Each structure stands twice: as C-alpha cells, then as structure tokens.
Amino acid sequence: MNQQVKSGKVLSPVTPWTERAVPGIDVADEQQSLKAIYTEPTIECPECHALVTRTAMSFNVYVCPQCDEHLRMKARERLNWFFDQVNSELGQEFVAKDPLNFVDSRAYPARIKEAQQKTGETEALVVMQGQLKGLSMVACAFEFDFMAGSMGTVVGDRFVQAGEKAIALKQPLVCFASSGGARMQEGMLSLMQMARTAAVVERVKAAGLPYIVVLTHPVYGGVTASLAMIGDVHIAEPKAMIGFAGKRVIEQTVREKLEEPFQRAEFLLDHGVIDQIVHRHALRDTVYRIVSKLMNLP
C-alpha cells in the first residue's frame, strides 16, 4: 500500500482526516495592490480620476458621471450626436499638401500621415449638413487630436465651403471650435485662413443667417482671433479654456501670476466675452432654441 509523507509524518491511506495536514494558503505579496478588472476599455476622468467604461462615457456624451467634468469629444462623434439626421458630409475632396516643404524635427507630410492614422480623419475639421429637431443646418467641428486642431489651408477650405453651403441652402451655420491656433507648418498660408474664414462668416450674416459658435476645451491662437469670436452668439462648455495667447506666455509678458479661473469660460462670461455657458446635455436644445429665435421660426 502506498504511503504519503506530510508535515514530517508518515501517513497511510487510513489516517483519520483529523490528523491530516491542513493545506497552506498562498499569501499575496504585501507590495501588490488590488486592482479592478474591467471587461472593456475604460476612460479615466482627468478631474476626479474615476474610471468609467468607454460605453458608459459615450452614453453620457463624455461627461464624467462622478464629477460632471466635460471630457473632449471626437469631432465626428460630436456631430453625429448633435444631429438627429446627417444628410451629407462636406469638404472631403480637400487634402493637405506641403507647399513650403516644411521640416522641423520631422517632415510635414509625415506629421499629417501620423495624425490621420491617429484620428481616422483626413484633416482637423469635419463638416456635415443635417437636421436638428427638424431644423436643417450646417455644422462643423474641430478635431483637436489632429495636430491640436490647428488651422491650415484645408481647414480654411472646408470652413469656407461650409459657409457657402449654408448660404446656398439658406440654413444656419454652427461651429464647434477646439484648436491650438494656426498651423505653423504652412506659415503665411495658414494665417491667410483667418481672413478667409472671417470673410465667409460675414457673407453668412449678410444673407440673414445665424452663425453660432460653441467654444469647447481648448480654443486658442488664430482660431480665437478669427472664426471663433465673430459669431452672433457665443456658447461655451463649462471650464473650457479660451484665449489668444497661452497663460504662461501672458505671465512671462506681464510678469504676474495669473490664478484660476483666468481664461476659463466662467471668467470670460463674467467679463462679457461670451454669452452663456451651457452644459453639454442641454447644448442641443439650447442651439435649437437660439437658431429658431434668430430665424423667427415657431
């Protein structure tokens, strides 16, 4: 008959269970910390650091359910959420080129290709025409992850086409702005887009059509100095950073420490720069009411 050795004793198969050795318990390393296991990708809120599943965040329009922080939305996802029905997309025929053969640490075409692979977009502005609560309109949104939403010639081309489409269809124009400013890789050609976009906005207004700007986090540089600040109504999302020069640049210029909420949407509202701050959940209804009022619709 086989015998087993446990705890220094020789036990036979007939050993009572009360005398058998108790199996040991594996103790985890004290330095190991318990971590939650998620079955799908999660997003960490930058404000409260709560982990929320991507699906839950998407259903909540990328507003943190714990602290109400407004996270950045993709341009295409924002427009698909904004419209009840998308009829067409504009400007896909415009593609970026390299007119200056610009090279910094990398060639400009390499940066464009990287941004396209990262975002799935061909440029930093997405333009769609569709319907919101039965009201037809043209809307465009900046994709900040595409080279910081910088405004190059293609962004200018697409915005101008959006304005011309709005005029042709006699529909309002809405812009969701989020940008770091002009695109330095295109030099003076990028700065020319400030004048082009401002000119088409004036044509939209001359046609008696509303131009509504929604300022999302963040909006800076040449975009702020042109199309983002010449709307009929300026709406901002909570805590959005809005300005021309960055906070650190201003601090170095005036040699003073600028405390919060400098350049936040709340600060700009107190100083009369913007018209109102609207929670993302109420944004669709707010834009619809404003456009209906400006166009004398029921």
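Throughout, read-outs are computed from the coordinates displayed, never taken from laboratory work. Note that the structure is predicted; figures quoted are calculated from it, not measured. No Cβ is skipped: glycine too gets one built from the backbone with ideal geometry, and neighbour counts run over all protein chains shown.
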Exercise for the section: Between residue 66 and residue 133, with labels modelled 7 Å along Cα→Cβ, what's the label distance in nm to one decimal, could you check? Expected result: 3.3
Exercise for the section: Treat every Asp and Glu Cβ in the chain as -1 and every Lys and Arg Cβ as +1, leave all other atoms uncharged, and give the resulting dipole magnitude about the Cα centre to the nearest 20 debye. Expected result: 400
Exercise for the section: Report, to the nearest 10°, how far helix 108-119 tilts away from the longest principal axis of the Cα atoms in the chain, using its own Cα long axis and a range of 0 to 90°. Expected result: 60
Fill in the blank from the handout: If amide H atoms are modeled at 1.01 Å from N in the peptide plane, then the residues at a separation of 5 or more from residue 233, or on another chain, having amide H under 5 Å from its own are 211, 213
Handout entry: Orphan Cys of the chain, criterion: no other Cys C-beta under 4.7 Å
Key = 140, 175
Fill in the blank from the handout: Here the Kirkwood hydrodynamic radius of the stretch 143-227, Cα-based and in Å, equals 12.8
Fill in the blank from the handout: Taking only C-alpha positions in the stretch 72-294, Rg and Dmax in angstrom work out to 17.0, 52
Exercise for the section: Identify, among 268, 249, 184, the residue whose Cα sits farthest towards the positive end of the charge dipole of the chain, taking +1 on the Cβ of Lys and Arg and -1 on the Cβ of Asp and Glu, with the dipole about the Cα centre. Expected result: 184
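Exactly which trypsin sites (Lys or Arg not before Pro) in the stretch 242-298 are in a DSSP loop and have at most 13 other Cβ atoms within 10 Å?
Filter output for the stretch 242-298: 255, 257.
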Handout entry: Selection of GluC sites (Glu not before Pro), the stretch 207-298, meeting DSSP coil and at most 14 other Cβ within 10 Å
Key = 256, 259
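What is the sum of charges, Lys and Arg at +1 and Asp and Glu at -1, for the other residues whose Cβ falls under 14 Å from the Cβ of residue 58?
+4
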Handout entry: Sum of side-chain charges, residue 232 neighbourhood, beta-carbon under 14 Å (Lys, Arg +1; Asp, Glu -1)
Key = +2
Handout entry: Estimated FRET transfer efficiency when R0 is 45 angstrom, pair residue 244-residue 39 (beta carbons, to 0.05)
Key = 0.50
Exercise for the section: Starting from the Cα gyration tensor of the stretch 186-298, take the square roots of the eigenvalues, sort them a ≥ b ≥ c, and report rounded, prolate or oblate (rounded when a/c is under 1.5, otherwise prolate if a/b is larger than b/c, else oblate). Expected result: oblate
Handout entry: Neighbourhood charge, 15 Å Cβ-Cβ cut-off, centred on residue 190 and excluding it, Lys, Arg +1 and Asp, Glu -1
Key = 0
Exercise for the section: Amide H neighbours of residue 125 under 5 Å, at least 5 residues apart or on other chains, H built in the peptide plane: list them. Expected result: 143
